[in-house]
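The values are calculated or read from the model by the stated rules, or taken from the named source; none is laboratory data. Note that this is a predicted model, so its numbers are computed, not measured. Glycine gets a Cβ as well: all are built from the backbone with ideal geometry, and neighbour counts include every protein chain shown.
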Amino acid sequence: MAAGCQPVPEGAPDASVPVASGDRFGTDAHLAPSRPDAVLRYADHPRGFAELRLPEGDGPFPLAVIFHGGCWKAGIANQAYMAPLATRWQNLGIATINVDYREVGDGGGWPGSFADWAAAGELLNRVVADYPVDPARITLVGHSAGALPAQWLAQRQDDRGPLGPRDPLAVRAAIVLDGPADVGAERAAFDALCEFSAVDPFMGGDPAAQPDRYGALGAAPLALEELLFVQAVLPAAPTAAQEAIRAGGTRLEIRANPQASHFDILTPGADAYRANEPAMLKVLRGWNPAGETL
C-alpha cells in the first residue's frame with residue numbers, strides 16, 4: 001500500500017471537473033471546487049486516492065469522509081462531482097476527505113470496492129496524525145451508492161463479509177444522501193434509481209445466488225452515535241433497518257425531500273441543499289454530552 005501525499009496519477013479522474021459522465025450523474029454545483037490541500041494515496045491502483053481539503057485556521061477541525069455514488073459501475077461517476085460539497089463544507093470549517101474507489105468494471109464490486117473502502121478508512125490514522133483534525137468528530141458521508149461504505153465501515157462483520165471478520169471503524173457519525181440502508185431489501189428501488197441492474201453485478205449475483213453476501217450487508221446495528229438520512233428519490237430506510245440501527249444505540253434521523261432531485265440535496269446553492277444544510281452541519285460538528293453542538 002502506498003503512503004504519503006502524491007499527485008493524482010496519470011489517467012485518474014480530473015479533480016477540477018465537478019461533473020460525472022452522463023447528465024443523470026452530473027451536477028450544476030453553483031460553486032467552483034477548491035484545489036485540494038493534498039492528494040493522499042491509500043492504494044497503488046489509479047483510483048486509490050482521496051482529496052484532502054482543510055479549512056482556514058488552526059483546528060482541530062471536524063472531518064467528513066466523503067464517498068461518491070455512481071451505481072458502483074465504472075465510467076459513470078467519480079469523486080469529482082462531490083468536490084463542490086467538500087468545498088462548501090471546507091468553507092464552513094469542516095475538513096473533508098473526498099474518496100475515489102474502484103467499481104464494477106475496473107476491479108471493484110465484491111470484494112474490490114470493499115477493500116478500497118477499508119483501506120481509505122485506514123488512511124484516517126495518518127490524517128489524524130499529520131493534520132489538524134479532531135478524531136472525536138469524524139463523519140462518514142455517502143451519496144447514492146456511497147451510502148454503502150458510509151454504513152459498512154461502521155458495521156461489525158463476520159466470516160460472510162467481503163473481507164472476512166472486521167471491527168467497525170472508530171468514527172462518530174454518518175450522513176447518507178439519498179442512498180439505501182439495506183442493499184438487499186432496497187435492491188429494486190436502487191436499480192430503478194440507476195435505471196439498470198446495479199446491485200446484482202456489484203454483489204456477484206442475486207440474493208438467491210449469494211445469500212451470505214446479502215446477509216452480511218443486511219439490517220444490523222452500527223457503531224455510530226448518530227446517523228442522518230437526507231433522502232430525495234429513494235424512500236426512507238426499511239423498518240427493519242431502522243429498528244436495527246436504533247437497537248444499537250444510534251440516534252437516527254430521516255429527512256424526506258420528495259420534491260428534490262437526486263443531486264439537489266448535495267448541491268450547494270440548491271433549495272433542497274439549503275433546507276438540509278443545518279441538520280448536516282449539526283452532525284458534522286458533533287455533540288457534547290449535554291446534547292449541544294460543539
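Values computed for the structure shown
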| read-out | value |
| --- | --- |
| Any hit, the range 230-241, residues being part of a strand (DSSP E or B) and not polar (S, T, N, Q) | yes |
| Enumeration of residues in the range 222-271 that are buried (at least 22 other Cβ atoms within 10 Å of the Cβ), closer than 23 Å to Met82 by Cβ and β-branched (Val, Ile, Thr) | Val230, Ile265, Thr267 |
| Flag for Ala219 being crowded, with 17+ Cβ neighbours inside 10 Å, within 21 Å of Glu186 (Cα to Cα) and in contact (Cβ under 8 Å) with a residue 12 or more places away in the chain | yes |
| All positions within the range 161-176 that are crowded, with 16+ Cβ neighbours inside 10 Å and not hydrophobic (A, V, I, L, M, F, W, C) | Gly161, Pro162, Arg166, Pro168, Arg172 |
| Residue in the range 219-228 that is touching a Lys or Arg at 6+ places or on another chain (Cβ under 6 Å) and not in a helix (DSSP H, G or I) present | yes |
| Pairs where the first residue, in the range 128-145, is within 24 Å of Asp178 (Cβ to Cβ) and surrounded by 15 or more Cβ atoms within 10 Å (Cβ to Cβ) and the second is modelled with pLDDT of 95 or more and acidic (Asp, Glu), C-beta under 7 Å, 6+ apart | His143/Asp178; Ser144/Asp178 |
| Residue match in the range 130-150 (condition: hydroxyl-bearing (Ser, Thr, Tyr) and in a loop (DSSP other than H, G, I, E, B)) | yes |
| Hey, Ala260 over 17 Å from Ala147 (Cα atoms), modelled with pLDDT of 95 or more and part of a loop (DSSP other than H, G, I, E, B) or not | yes |
| Checking Ala290 against (1) assigned to a helix (DSSP H, G or I); (2) at pLDDT below 95, the condition it does not meet | (1) |
| Residue that is in contact with a helix residue (DSSP H, G or I) (Cβ under 7 Å, 6 or more places away or on another chain), within 21 Å of Gly93 (Cα to Cα) and among the aliphatic types (A, V, I, L, M), where the choices are Leu169, Leu140 | Leu140 |
| Residue match in the range 244-255 (condition: farther than 21 Å from Gly161 by Cα and hydroxyl-bearing (Ser, Thr, Tyr)) | yes |
| Hey, Gly112 surrounded by fewer than 24 Cβ atoms within 10 Å (Cβ to Cβ) and free of Cβ contacts under 8 Å to residues at least 40 places away in the same chain or not | yes |
| Flag if Phe190 is under 22 Å from Met82 (Cβ atoms) and outside any loop (DSSP other than H, G, I, E, B) | yes |
| Residue ID - surrounded by the fewest Cβ atoms within 10 Å (Cβ to Cβ), chosen from residues in the range 196-216 that are not in a helix (DSSP H, G or I) and not polar (S, T, N, Q) | Ala208 |
